[in-house]
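The values are calculated or read from the model by the stated rules, or taken from the named source; none is laboratory data. Predicted model, so just to flag it, every value in this text is computed and none were measured. Note: ideal-geometry Cβ built from the backbone for every residue, glycine included; neighbour counts use all protein chains shown. In case anyone asks, the SASA skips ligands and DNA or RNA and just uses the protein heavy atoms, side chains included. Shrake-Rupley method; radii C 1.70, N 1.55, O 1.52, S 1.80 Å.
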Amino acid sequence: MSLDPKGLDLRNEIDRLISAESGDLASLRLAELWRNEAGAGAAAFLVNRYEKLRGTLPLVPYRVAILRSFTLEPAIPLLRAEAFLHGIDLTLQVGDFNAYAQEILDPDSSLYRFAPDAVVVAARTADLAPDLWQKYPDLPPEGVTAVVERVCNSLSQWIRVFRERSSAAVIVHSLELPARPAMGLLDAQQKTGQSAAIQQINQELRQIASEHRSVYILDYDGLVVRHGRFRWHDERKWLTARMPIAADHLIYLAREWLRFLIPLSGRIAKVLVADLDNTMWGGVIGEDGMTGIRLGSEYPGAAYQNLQRAMLDLARRGILLAICSKNNPEDAMEALENHPGMLLRLKDFSAVRINWNDKAQNLREIASELNVGVDALAFLDDNPVERGQVRSALPEVMVVDLPEDPLAYAATVRDCPVFERLALSSEDLQRTSLYAAQRQRSDAEHNFQTKEDFFRYLEQEAEILSVSPATIARVAQLTQKTNQFNLTTRRHTEQQIAEMADRPGCQVLSIKVRDRFGDHGLVGVAITHDEGDTCEIDTFLLSCRVIGRSVETALLSHLAQGAAARGRQRLSGRFFPTKKNAPARDFYAQHGFQLVEENGDGSVWTLDLQHHTIATPEWIRLKTGEGEHNCP
């Protein structure tokens, strides 16, 4: 198939940029190419070019094994292309056809040798429950029950065995329902109907997943339904090549996998920054006035209200909302506070920039105010020119492409994978209020001459405890999301955290902080393990909300005291520099550690516990499992 001239020109430009070693610009053009013609041909080109750029772009490596009962190889380039565009460099292993059970149960299988970060189990109902799929009319009611129990027991066993042998995340496809039930209309009239039996398996599968850490269900039946059961399948290809999915629908399967892989690999957006005019309402507030903008429960204003509802739903997942709008502040504020059609109010936004400044500069300021990297921002704007300018000036920002029709705005936001979450902590649910309290702290800080006086005024209380079933999800989340004050940037799953906590000589600690303005929640993690006479720090991190308030010193002091009490003579830690963790670069040096090794990967530091101590700041009331104290 010949390429259209624009597509060919874009490909030629990409190759010129790669030759000129302009990786960022080439990446922008590759994203443009994919937006214009996502498909098998573009995927092959994109993957090939990204592999050439691999050493110049900040890509996150991630290993995924796919266990399957059908041919899905044509979806692999599509998945890799989509992943590259989201900053993920996937290494993929596709298991042998219909060998998923053997690969899970055999401890020496290629699955375990591959050592994946995540595993996808993609098995068709026809393969997992062939009697239900093909022979349902021949089954008596007790036979249906027996099949359901057998399938559920098998799924439970496979997941249990895999979880015992691997800490990788597991993504299990649910079973799809038949487009044409064997008994026709009778199927819906029976308690043990074919569809009801498959739904029962899916319900039990969700229960099984909830009993294990890092096991997630991909609603495969829901995916099929969204795109149409009859259009999803290609019967000819199934019978000739064992490939049941129509070629033009493989992209939807790849994107559904990516919805899980993005949060698992940490490539998520923490903040949605939105424009106002023609984005959150129809029209221009400065020209149309309060009564002229389109916003309400009826068309056309309902389209914008639906977008606001989607944004509110994101806030319920712990995603912060912000405004970046070129506007007269007085006009925009009046609409935000007083328009009857607004679902979002000023209190729902953690940062606001309403001015006539360059939007890229406003986005930098928003990131700074919220103490996140610009790569944690997602940008929403109806104007393609503004989107293009932000892409060019800040390629790290995740720019959401809104369609021309406002009726599709809400669906576009809901479908954006960078907003997906696989678990929610109590901190996620309170994130907007946490940042509101943070603004109060920042305002109060200006009233003090010294940091020490401000710290005393804060009346900080910290609690350090070992990880528990109640905190393990948040601890894992912090290791996956924290970038700025993170000395090693090692990412850990819940399963890996649990395994380390059970390992002799290993301590997995969390720190919670509150002050006079409110509760920060669980904001820090430290993981250490004893090796001979040395306590080695594997992980040391703090949320950006408490950086620079001496909480890090209190946590390090606790590690040093604990190591000395266990008879260790040295406390050792590593620092691996990244583009984002500069705030942690001098941490060890500032606390008396000596540099013992430095190379291209990072540095090793050690503290002689026989001659040095680290004092807990006197303005922090520290509570541990051993009691409460202000200094050692």
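His227 contributes an accessible area of around 40 Å² to the protein surface, as traced by a 1.4 Å probe with all chains present.
For region 503-551, the extents of the C-alpha atoms along the principal axes are 43, 19, 13 Å, listed from largest to smallest. With contacts taken as Cα pairs under 8 Å and at least 6 residues apart, the chain reaches a relative contact order of 9 percent. Taking packing as the residue-averaged number of other Cβ atoms within 10 angstrom, the listed peptides 605-614, 314-323 run from highest to lowest as 314-323, 605-614.
For the cross-link pairs Lys270/Lys451; Lys326/Lys580; Lys451/Lys580; Lys52/Lys326; Lys359/Lys481; Lys481/Lys623, the ones whose C-alpha atoms lie over 32 Å apart are Lys52/Lys326. Computed with the Debye formula from one identical point scatterer per Cα of the chain, without solvent, the log10 of I(q)/I(0) at q = 0.05 Å⁻¹ comes to -0.27. Once the 1.4 Å probe is applied to the protein heavy atoms, region 94-196 comes out at 46 Å² accessible per residue.
Could you tell me whether region 514-632 comes out rounded, prolate or oblate from its Cα gyration tensor? Rule is a ≥ b ≥ c as square roots of the eigenvalues, rounded for a/c under 1.5, then prolate if a/b exceeds b/c, otherwise oblate. Because a/c hits 1.5 or more and a/b fails to exceed b/c, region 514-632 counts as oblate.
Between Arg226 and Asn328, the contour length at 0.36 nm per residue exceeds the Cα-Cα span by 32.6 nm. Using a probe of 1.4 angstrom and keeping all protein chains present, the accessible surface of region 1-83 works out to 48 square angstrom per residue.
Helix content alone sets the calculated 222 nm mean residue ellipticity of the chain: runs of n ≥ 4 DSSP H residues at -39500 (n - 2.57) each, divided across all residues, give -13000 deg cm²/dmol. The average projected area of region 6-93, computed from the convex hull of its Cα atoms over all directions, is 5.6 nm². Quarter the surface of the alpha carbon convex hull of region 206-250 and you get the mean projected area, 4.2 square nanometres. Here the translational diffusion coefficient of region 320-411 follows from Stokes-Einstein with Rh set to the Kirkwood radius across Cα pairs; for 25 °C and 0.890 mPa s it amounts to 175 µm²/s. Take every DSSP beta bridge whose two residues both sit in the chain; close to 45 percent of them are antiparallel. Excluding ligands, DNA and RNA, the accessible surface per residue across region 505-632 is 44 Å² with a 1.4 Å probe. With all protein chains in place and ligands, DNA and RNA left out, the 1.4 Å accessible area ranks Ser550, Ser22 as Ser22, Ser550, largest first. A crude spin-label estimate for the pair Asp138 and Arg180, with each label 7 Å from Cα along the Cβ direction, gives 2.0 nm. Normalised radius of gyration (Cα atoms, divided by 2.2 N^0.38 Å) for region 123-247: 1.11.
Cα extents for region 175-270 along the principal axes, largest to smallest and rounded to whole angstrom: 48, 35, 23.
Out of all Cα-Cα pairs in region 112-181, roughly what percent, to the nearest whole number, are more than 14 Å apart? Summing the P(r) tail past 14 Å for region 112-181 gives 66 percent.
Applying 1/(1 + (r/R0)^6) with R0 = 45 Å to the Cβ-Cβ distance of Asn357 and Phe97 gives a FRET efficiency near 0.20. Would region 414-516 count as rounded, prolate or oblate if I go by the C-alpha gyration tensor, calling it rounded below 1.5 in a/c and otherwise prolate when a/b exceeds b/c, oblate otherwise? Oblate shape, in that a/c is at least 1.5 and b/c is the bigger or equal ratio. Using the charge dipole of region 311-454 (Lys, Arg: +1 at Cβ; Asp, Glu: -1 at Cβ; taken about the Cα centre), state which of Leu429, Phe448, Val374 has its Cα farthest towards the positive end. Working it through, the farthest residue towards the positive pole turns out to be Leu429. For a distance above 23 Å, tell me the whole-number percent of Cα pairs in region 441-587 that qualify. Here the long-distance tail beyond 23 Å is 37 percent of all Cα pairs in region 441-587. Take the Kirkwood radius over Cα pairs of region 551-602, plug it into Stokes-Einstein at 4 °C and 1.567 mPa s, and you get 104 µm²/s for translational diffusion. Over all pairs of different C-alpha atoms, region 309-466 has a mean inverse distance whose reciprocal, the Kirkwood radius, equals 17.7 Å. The apolar share of the surface of the chain, taken as the fraction of accessible area on carbon and sulfur atoms (1.4 Å probe, ligands and nucleic acids excluded), comes to 48 percent.
Largest to smallest in accessible area, the residues Tyr252, Tyr216, Tyr299, Tyr588 fall in the order Tyr299, Tyr252, Tyr216, Tyr588 (1.4 Å probe, all protein chains included).
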